[in-house]
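Please read the structure below before turning to the comments.
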Amino acid sequence: MSRKPDILGEFTAEHRAVEDLLARIEAAPARPGESGRDGGAGREQLIERLTDLLFSHCAAEEEHLFPVVQHDVPDGGALVFRCIHDHLAIGQYLADLQALAPGDPAPDTLLRGLAELLRRHLAAEEEQLFPAARKALPAAARTALAERLRADRAEIAEAGP
């Protein structure tokens, strides 16, 4: 019998997926047609995947984890405030990337800023927010949150585009 991760395990796994996509984007050629170390999807496709993952991930944290942390974790409001501040900045970087015209030289600068912010943010969540949540929330509560998250995502997937 396989055991599904709790809410913190779900989000940690998504953090690893974000880090993997960042590494692949950084290894991809800046311009279409150039050969990169990734050998797979082009940089624009990888950025689209990262954007989709981040919007989904941030929304899920804000809906499923942050309200509980704010209510049940000592200093949870301050932790959540910092995370939401980062989520807004991440969203701005992604919007700026999407608004660029083809051939614009700004993607490299935006991607560096986004990568730096993401790495700092993921580390802060894993070193501060998640341990505080793990300490304050019983295992059963964390598991129930994960089940609700998976059910919501399954419902969204069934509804389709």
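Just so you know, all these numbers are worked out from the coordinates, no wet-lab data involved. Source: prediction; values computed, not measured. Reconstructed Cβ throughout: ideal geometry from the backbone, glycine too, with neighbour counts over all protein chains shown.
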Review point. Stretch ASP52-ALA124 to full length: gain in nm at 0.36 nm per residue minus the Cα-Cα span?
Key: 23.8 nm
Point to revise | Computed E for ALA89/ARG134 - FRET, C-beta separation, R0 22 angstrom, nearest 0.05 | key: 0.30
Study note, to complete from the structure: Phi-derived 3J(HN,Hα) across the stretch 109-121 with the Karplus relation (6.51, -1.76, 1.60, θ = phi - 60°), rounded Hz, x for Gly and Pro, is 5, 5, 5, 4, x, 4, 4, 4, 4, 4, 5, 5, 5
Practice item. Provide the gained length on full extension for the span GLN45 to ALA154, in nm with one decimal, where the gain is 0.36 nm per separating residue minus the Cα-Cα distance. Key: 36.9 nm
Revision key, fill the gap. When the charge dipole of the stretch 74-161 is computed with +1 at the Cβ of Lys and Arg and -1 at the Cβ of Asp and Glu, the Cα pointing farthest to the positive end, of ALA95, LEU149, PRO105, is that of LEU149
Point to revise | Backbone HN-Hα couplings from phi across the stretch 150-161 [Karplus 6.51/-1.76/1.60, Hz, Gly and Pro as x] | key: 5, 5, 4, 5, 5, 4, 5, 5, 5, 5, x, x
**Study point:** Unit charges on C-beta of K, R, D, E only; dipole of the chain, Debye
**Key:** 400
Point to revise | Value at 222 nm in deg cm²/dmol, rounded to 500, when DSSP H runs of n ≥ 4 in the chain each add -39,500 (n - 2.57) | key: -24000 deg cm²/dmol
